[in-house]
Amino acid sequence: MSILHPGAPLLFMKVGIHANESLDDILKRKQREIDEGGFAMWGYGGSTCHPLTVVRPFAAMFEGQSEPIKLVMEEIDSHHFAEQIAADQYSVDGHDWVDIDTRIHRVLGSRYALFIDNLVLEDIELPLEQSKVALGACEGRRGNEYIKGRVDKACLIYDPDQSHSATSVKKIGLVANIVAPYAALLRNTPVND
């Protein structure tokens, strides 16, 4: 079954160089983490897909479904040259913090992370007009009307409404499954001397 079918849950994200690491290097590292630990943490920032107020509620909408939410990624020319500081803890509620196994699940230069598995290269065209925002203040807005300017990620539902022509097609090169616990906040704990 194609990942683009009516009602399919998609988390769209633009990706590229991140924390001075090429997308190819990130991909190899994340695939190795999935092979060794069963999942990886995909780091990101920004407020449009906050882990606690957007991604986890989005995941809750589709819990119990037979298909996972797909992380669909469009490669862009990115200039994210922040330091390669690895997070050492994550929280799914903002209160309780869990240590990250840094040997396997490293997340560099990010405030948040998605939990993913089955990260694969793909060649898919996603017409944003054929999707709509799944929740929040912009719920129901067409993907092409929402993802523009500085907005580079969104929780979407694929909704092939034929009244909208496909003029804003995004080339999806990477796809992964988003798995429980779906998304988390990240932090670095200070070292006490």
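The values are calculated or read from the model by the stated rules, or taken from the named source; none is laboratory data. Worth saying up front: this structure is predicted, and the values here are computed from it rather than measured. Quick reminder, even Gly has a Cβ in these numbers, built from the backbone with ideal geometry, and neighbours come from all protein chains shown.
Restricting to region 134-143, count the residues that are under 10 Å from residue 157 (Cβ atoms) and touching a residue at least 24 places away in the same chain (Cβ under 8 Å). Selection size over region 134-143: 3.
Out of 23, 10, one residue alone is buried (at least 21 other Cβ atoms within 10 Å of the Cβ), touching a residue at least 24 places away in the same chain (Cβ under 8 Å) and under 16 Å from the mean Cα position of the chain (by Cα). It is 10.
The number of residues in region 107-116 that are farther than 16 Å from residue 182 by Cα and either at pLDDT 95 or above or touching a strand residue (DSSP E or B) at 6+ places or on another chain (Cβ under 6 Å) (or both) comes to 1.
Just to verify a result, which residue in region 63-82, among those that are of a type in the set (A, V, I, L, M, F, W, C) and either in contact with a Leu (Cβ under 7 Å, 6 or more places away or on another chain) or closer than 19 Å to residue 147 by Cα (or both), is modelled with the lowest pLDDT? Among residues in region 63-82 that are of a type in the set (A, V, I, L, M, F, W, C) and either in contact with a Leu (Cβ under 7 Å, 6 or more places away or on another chain) or closer than 19 Å to residue 147 by Cα (or both), the one modelled with the lowest pLDDT is 76.
Taking the conditions (1) loosely packed, with under 13 Cβ neighbours inside 10 Å; (2) at pLDDT 85 or above; (3) more than 13 Å from residue 183 (Cβ to Cβ) in turn, residue 60 satisfies each one other than (3). The strands (runs of 3 or more DSSP E) located wholly in region 41-159 that include 2 or more residues which are touching a Ser or Thr at 6+ places or on another chain (Cβ under 7 Å) occupy 153-158.
Summed over region 26-71, residues that are within 17 Å of residue 112 (Cα to Cα), of a type in the set (Val, Ile, Thr) and either out of contact with any Lys or Arg (no Cβ under 7 Å at 6 or more places or on another chain) or free of Cβ contacts under 8 Å to residues at least 60 places away in the same chain (or both) total 4.
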